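Please treat every number below as a calculation from the coordinates, not as lab data. This structure is a prediction, so every number in the text was calculated from the model and none was measured. Here the Cβ is made from the backbone with ideal geometry for all residues, glycine too, and neighbour counts use every protein chain on show.
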Amino acid sequence: MSLIPALIMAAQVVVPSQRQLAWHDMEYYAFVHFGPNTFTAQEWGSGLEDPKVFNPTQLDTRQWAKTFKNAGMKGVIITAKHHDGFCLWPSKYSTHTVSQSPFKRDILKELAASCKEFGIKLGVYLSPWDRNHPTYGTDEYNEVFKNMLREVLSGYGPIFEVWFDGANGEGPNGKKQVYDWPGFIGVVRELQPMAVIFSDAGPDVRWVGNEAGHSDPTCWSTLNRDLFVPGSPLYAQLTKGHEGGSHWVPAECDVSIRPGWFWRATEDGKVKSPETLLDLYLRSVGQNGSFLLNVPPDKRGLIHENDVQSLLKFKELRNAMFAKPISIKGMTASSGDPSGLTDNRRDTFWSPSPGAATHWVKFDVLRGSQIRTVVLQEAIQFGQTVTSFAVTGGEEIAKGTTIGAKRIFHLKNPVTVDQLELRIMSSRGPVRLASVQFYQ
């Protein structure tokens with residue numbers, strides 16, 4: 001790669017904002033679908049439900065937060081308002097809230113306190129669709145929704161993510177709403193400037209284009225964002241993103257630990273196994289995305305025992321995968337200083353000379369080491385540039401296209417090596433690798 005083309009491409013590289021960099025560090029966090037649907041066994045409520053149906057008997061948000069913390073999750077996003085319009089906080093702008101239920105208590109307040117206690121972050125899902133509110137389908141409703149946002153974003157402490165569903169159906173008056181997305185986004189930016197905003201179109205984080213919990217092995221954090229709107233039919237493109245896209249809009253991979261998003265007693269025996277969760281982790285976090293795993297509380301207001309058991313065993317599998325790092329005895333590189341690659345930090349990185357003909361790093365390890373897992377990370381504060389790479393150790397161990405925030409390879413069987421080599425075959429700009437880790 002000559003110096004001049006490298007500089008031209010560097011000028012085209014898109015980089016993340018500070019809020020997006022903080023979001024990338026989250027990696028794995030919980031989704032909580034909870035509301036009247038929990039008690040009616042529906043996925044989408046009609047908005048006609050009597051608030052009296054919502055009455056958890058043992059609700060304990062401390063149990064939620066403790067479970068998520070013990071599972072290795074770094075946060076939780078709760079459905080503060082789903083499509084049925086029921087608010088889990090006592091909103092002044094609706095008559096379909098916890099205040100009208102026998103339960104009465106402010107669930108957002110309790111969850112915010114529990115998150116603070118256990119050191120995890122809080123996010124909120126607010127559906128702009130409202131099948132209950134009488135003003136839905138009118139200009140007045142946009143102001144109602146902004147006021148609801150203001151209540152949630154100013155009354156419960158720091159929020160790390162605001163999750164906007166693109167669903168847009170009819171309200172109780174038979175009308176559909178023309179959403180004021182610039183106004184909604186403006187409220188978030190005003191009250192929670194460090195919160196990322198999620199939707200099909202971002203602006204900060206994108207849907208991965210499926211509800212199966214995985215990205216594509218080729219996954220770009222960049223997207224031609226102006227092609228998309230919430231509810232866009234171009235969802236297949238979201239799985240890969242766009243090489244050289246106009247904006248940094250990384251992928252969030254959402255999936256439920258159960259077949260449905262809300263708890264049902266009939267699904268207590270259908271909780272995803274720890275092995276399935278590990279596979280999804282490798283195909284989300286391990287493919288330059290984040291892993292948003294829905295874990296819905298039951299009618300008691302507790303995370304069910306089966307879900308807890310699977311989450312904790314999944315954590316054990318992850319711990320075992322990264323328990324035994326392979327010791328690096330020495331490194332040589334085609335150019336540049338590779339010493340920062342073993343620090344597992346974003347601010348120390350290997351940057352080969354732009355004009356070099358080849359980009360590679362060789363790692364000397366103890367003779368006969370057995371490798372099972374490879375973890376690669378780019379210094380994404382400078383963008384995402386790698387387009388082709390391979391890891392060898394006498395034989396090919398792993399190869400791929402994109403790396404991004406994190407790329408993980410977990411081999412079915414260990415490979416015995418004396419030396420390891422990472423080779424970057426192509427890139428769309430200067431290469432900056434933050435970390436290369438090998439595990440037994």
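Here are some notes:
- Here the Gaussian network model covers the chain, with springs between Cα atoms less than 10 Å apart; of Leu153, Leu282, Leu366, Leu366 fluctuates the most.
- Seen through its C-alpha gyration tensor, with square-root eigenvalues sorted a ≥ b ≥ c, the stretch 1-148 comes out oblate because a/c lies at 1.5 or above while a/b is not bigger than b/c.
- Top of Phe68, Phe86, Phe103 by mean-square fluctuation, Gaussian network on the chain, Cα under 10 Å: Phe103
- For the chain, DSSP calls about 60 percent of its internal beta bridges antiparallel.
- When each of the peptides 125-135, 317-327 is scored by how many other beta carbons lie within 10 Å of its residues on average, the order from highest to lowest is 125-135, 317-327.
- If the segment from Leu312 to Arg367 were pulled out straight at 0.36 nm per residue, it would be longer than the present Cα-Cα gap by 16.3 nm.
- Debye-sum result for the stretch 222-359 in log10 I(q)/I(0), which assumes one identical scatterer on each alpha carbon, at q = 0.14 Å⁻¹: -0.94
- Taking the convex hull of the alpha carbon positions in the chain and averaging its projected area over all directions gives 20.5 nm².
- Cross-link pairs beyond the 24 Å C-alpha cut-off, checked among Lys240/Lys315; Lys69/Lys109; Lys240/Lys399; Lys270/Lys313: Lys240/Lys315
- Residue-span extension gain [Gln12 to Thr416] - 0.36 nm each, minus C-alpha spacing: 141.4 nm
- Normalised by the number of residues in the chain, the mean separation of alpha-carbon contacts (under 8 Å, six or more apart) gives a relative contact order of 17 percent.
- Taking the C-alpha atoms of the stretch 309-440, convex hull volume expressed per residue in Å³: 109
- Anisotropy class of the stretch 280-364 from Cα gyration tensor, a/c 1.5 cut: prolate
- Shape class for the stretch 77-218: oblate, because the ratio a/c of the largest to smallest gyration tensor axis (alpha-carbon atoms, square roots of eigenvalues) is 1.5 or more and b/c is at least a/b.
- Taken along the Cα-to-beta-carbon direction at a fixed 7 Å, the label points for Asn344 and Thr276 span 3.0 nm.
- Shown is the FRET efficiency for Arg423 and Lys176, computed with R0 = 45 Å from the Cβ-Cβ distance and rounded to the nearest 0.05: 0.25.
- For the chain, hydrophobic long helices are taken as DSSP H runs at least 18 Å long by C-alpha position along their axis with mean Kyte-Doolittle hydropathy of -1.0 or more; these are 139-155, 305-321.
- Dividing the radius of gyration of the alpha carbons in the stretch 392-440 by their Kirkwood radius gives 0.95 for Rg/Rh.
- Added length on full extension, which subtracts the Cα-Cα distance from 0.36 nm per residue, Leu234 to Ala320: 27.1 nm
- Using the Stokes-Einstein relation with a Kirkwood hydrodynamic radius computed over Cα pairs, the translational diffusion coefficient of the stretch 170-279 at 37 °C and a viscosity of 0.692 mPa s comes to 205 µm²/s.
- Helices in the chain, meaning DSSP H runs of at least 4 residues, each add -39500 (n - 2.57). Divided by all residues, the mean residue ellipticity at 222 nm is -7000 deg cm²/dmol.
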